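A quick write-up on the structure given underneath.
The values are calculated or read from the model by the stated rules, or taken from the named source; none is laboratory data. Not measured: the values here are computed from a predicted model. Because the Cβ atoms are built from the backbone with ideal geometry, glycine has one as well, and the counts that use them run over all protein chains shown. These accessible areas exclude ligands, DNA and RNA; they are computed on the full protein's heavy atoms, side chains included. Shrake-Rupley method; radii C 1.70, N 1.55, O 1.52, S 1.80 Å.
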Amino acid sequence: MKQKNSVVTWAKGSNIYEVNIRQYTAEGTFAAFSKHLPRLKDMGVEILWLMPITPISIQTRQGTLGSYYACSSYTAINPEFGELDDFKNLVTKAHQSGLKIIIDWVANHTGWDHHWATEHPDWYVRDVDGNFTERNGWHDVIDLDFENNDMRVALIDAMKYWVTETGIDGFRCDMAHLVPLDFWIEARKQCDAITPLFWLAECEQVSYHDAFDASYAWWWMHETEKLAKGASGLHDVQQVLHAYTQYPEGAIKLFFTSNHDENSWNGTEYEKYGNTAKAWAVFTSTWQGMPLIYSGQESPNSKRLAFFDKDLIEWYEPLELHGFYQALLHLRKRSKAISEGETFILPNQQGHQLMAFLRRKDDEVVLVILNLSYEDRIKISVSHEWLTGNFKNIFSGLNFRFDGSVAFELQSGEYVVYEKIGE
């Protein structure tokens with residue numbers, strides 16, 4: 001199976017930073033967030049994904065501010081965040097900084113008081129009694145009917161509006177698997193005709209790569225969480241990673257330790273992973289695929305953010321993990337071994353606790369070793385012909401000479417990443 005679409009050049013080997021505008025600043029506006037662009041650029045962020053920027057329905061609203069994912073219009077701006085010109089200014093400033101912006105697109109459903117519900121009630125799914133309905137247990141939204149071609153046309157036109165009017169660079173498509181694949185194929189065809197875009201699907205159905213560049217690694221995340229809780233082993237995680245290698249050529253998997261859903265509903269990365277959270281973050285940035293960083297992880301934000309109400313991210317100055325993510329993201333940017341190299345898992349006697357692997361492209365080599373257990377002082381020795389030459393620890397900056405083999409002792413949650421810098 002081959003992927004039918006070509007990933008835009010700027011997205012290859014890139015990374016994504018998810019922006020929660022509501023909780024990012026006290027103001028909760030585009031203008032206030034834009035002040036953080038220089039910092040994010042310095043950290044190495046390349047693609048900004050903004051959670052839905054459309055207005056939120058009032059009818060059946062949850063909490064005081066409601067869910068971003070219950071929109072009342074597909075072609076308007078949430079007034080809490082500012083006006084259309086404010087969003088355009090954010091896009092312009094991001095582009096001037098060399099950053100790309102993709103927006104969250106919620107195609108499966110709308111809020112109850114979306115204007116379509118009054119203007120085109122036939123565009124919605126109905127229950128046996130003829131009432132609007134929703135099939136997944138979210139009481140603040142109602143499902144669109146994708147058997148209605150007029151609705152499909154209008155929805156694609158709304159997507160094209162954001163491309164032509166604001167110059168966005170792509171879409172992150174919410175619960176993409178709930179929407180027929182042929183809709184996404186047509187939406188991409190029409191939007192990409194305006195300008196080639198980056199397409200991210202919140203789903204894990206392989207067939208959806210017929211329309212999308214990247215898809216979520218939910219399976220991996222759930223398996224790693226089970227590992228952290230002692231309910232599975234590293235072998236189970238590696239089985240998932242092997243399954244991902246069977247995806248279509250060019251398909252990208254999105255790896256993450258947190259996002260808006262995980263943080264609010266299932267806990268922070270520290271609740272899920274304990275002191276192995278940073279080691280798993282290292283994995284997301286060094287394995288083949290694309291890493292996602294959620295708003296505040298660089299602080300680090302250690303609380304669950306309220307989903308339906310104002311709940312400011314905990315920003316601690318100086319940001320403790322800015323340099324941590326900076327080292328990882330800048331490695332990805334400069335190293336072809338990470339962005340497009342082959343992967344070799346290094347066998348070791350501690351394979352049930354430690355994960356060790358090499359990434360290589362031509363003469364570029366990166367060594368990664370992660371202690372994903374809760375045990376300290378685990379010794380590991382690895383050997384490979386690629387481990388020859390001068391290597392630098394990307395976090396400490398210290399240089400070492402490797403002669404085909406190397407030994408370490410790692411504490412619980414400890415990680416090492418070495419980049420080859422010469423023979």
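Between the range 82-132 and the range 283-301, how many Å separate their Cα centres?
26
Expected output is a single nm value to one decimal: the length gained when fully extending between SER302 and SER383, i.e. 0.36 nm times separation in residues minus the C-alpha distance. What is it? Write out the running numbers ahead of the final one.
On the way: separation 81, 0.36 × 81 = 29.16 nm, distance 3.77 nm.
Extra length available between SER302 and SER383 comes to 25.4 nm.
Please list ILE101, ILE194 from largest to smallest accessible area, probe radius 1.4 Å, with all protein chains kept in place. Don't jump to the answer; show the numbers that get you there.
Details: ILE101 0, ILE194 75 Å².
Ranking ILE101, ILE194 by accessible area, largest first, yields ILE194, ILE101.
About its Cα centre, how strong a charge dipole does the range 187-261 have in debye, to the nearest 20, once Lys and Arg get +1 and Asp and Glu get -1 at the Cβ?
Values: 5 positive and 10 negative charges, 8 e Å.
Approximately 40 debye in magnitude.
When 1/r is averaged over all different Cα pairs and the result inverted, which Kirkwood radius in Å belongs to the range 204-267?
Values: mean 1/r = 0.0787 Å⁻¹.
12.7 Å is the Kirkwood radius here.
Could you please state, rounded to a whole Å, how far the C-alpha centre of the range 238-281 is from the C-alpha centre of the range 381-423?
25
Could you work out how much longer the chain between THR343 and ALA158 gets when fully extended? Use 0.36 nm per residue separation minus the Cα distance between them, nm to one decimal. Please report the intermediate quantities before stating the final value.
Working: separation 185, 0.36 × 185 = 66.60 nm, distance 4.07 nm.
Taking THR343 through ALA158 to full extension adds about 62.5 nm, to one decimal.
Quick one: accessible surface of GLU202, probe radius 1.4 Å, all protein chains present, in square angstrom to the nearest 10.
Looks like 10 Å² after rounding.
Using alpha carbon centroids, what distance separates the range 1-53 and the range 313-342, in Å?
14
With +1 assigned to the C-beta of every Lys and Arg and -1 to the C-beta of every Asp and Glu, and no other charges, what is the dipole magnitude of the range 1-103 about the Cα centre in debye, to the nearest 20?
Numbers: 11 positive and 8 negative charges, 92 e Å.
Value, rounded to 20: 440 debye.
Helix-only estimate, please: 222 nm mean residue ellipticity of the chain, summing -39500 (n - 2.57) across DSSP H runs of length 4 or more and dividing by its residues, to the nearest 500. Numbers along the way, then the final one.
Details: 13 runs with 118 residues, N = 423.
Calculated mean residue ellipticity at 222 nm is -8000 deg cm²/dmol.
Which of LEU144, ILE168, GLY82 sits closest to the plus end of the dipole of the range 71-191, meaning its Cα is farthest towards the positive end, when Lys and Arg get +1 and Asp and Glu get -1 on the C-beta?
Result: ILE168.
Return the single residue from LEU241, LEU398, LEU181 with maximal mean-square fluctuation; model: Gaussian network over the chain, springs between Cα atoms under 10 Å.
Ranking LEU241, LEU398, LEU181 by mean-square fluctuation puts LEU398 first.
Just the number please: accessible area per residue for the chain, 1.4 Å probe, all protein chains included, in Å².
Each residue of the chain exposes 40 Å² on average to a 1.4 Å probe.
Of the DSSP beta bridges with both residues in the chain, give the percent that are antiparallel, rounding to the nearest 5.
Details: 38 of 65 bridges.
DSSP beta bridges in the chain are roughly 60 percent antiparallel.
Using a 1.4 Å probe over the heavy atoms of the protein chains, calculate the carbon and sulfur portion of the accessible area of the chain as a whole percent. Intermediate results must be reported in sequence, preceding the final value.
Numbers: 8250 of 16870 Å².
Carbon and sulfur: 49 percent of the exposed surface of the chain.
If each residue of separation counts as 0.36 nm, what is the full-extension length gain between ASP403 and HIS352 once their alpha-carbon separation is subtracted? Write out the running numbers ahead of the final one.
Details: separation 51, 0.36 × 51 = 18.36 nm, distance 2.57 nm.
Between ASP403 and HIS352, full extension yields 15.8 nm more.
Between ASN131 and LYS310, what is the FRET efficiency for a Förster distance of 56 Å, r being their Cβ-Cβ separation, to the nearest 0.05? It would help to have the intermediate numbers written out before the result.
Values: r = 32 Å, r/R0 = 0.58.
Rounded to the nearest 0.05, the efficiency is 0.95.
Please give the net charge around ALA26, taking every other residue with its beta carbon less than 15 angstrom from that of ALA26, where Lys and Arg add +1 and Asp and Glu add -1. Write down the numbers at each step before the final one.
Working: positive: ARG22, LYS35, LYS310; negative: GLU27, GLU80, ASP309, ASP311, GLU314, GLU317.
Charge balance in the 15 Å sphere: -3.
Just list whichever of LYS100/LYS420; LYS278/LYS310; LYS41/LYS100; LYS278/LYS303 have alpha carbons separated by over 19 Å in the model shown.
Details: LYS100/LYS420 30 Å; LYS278/LYS310 27 Å; LYS41/LYS100 11 Å; LYS278/LYS303 16 Å.
Over 19 Å apart, Cα to Cα: LYS100/LYS420; LYS278/LYS310.
About the Cα centre, and with charges only on the beta carbon of Lys, Arg (+1) and Asp, Glu (-1), how big is the dipole of the chain? Nearest 20 debye, please. Write down the numbers at each step before the final one.
On the way: 38 positive and 58 negative charges, 285 e Å.
I would put it at about 1380 debye.
Apply 1/(1 + (r/R0)^6) to the Cβ-Cβ distance of HIS115 and HIS95, taking R0 = 41 Å, and write down the FRET efficiency to the nearest 0.05.
0.85
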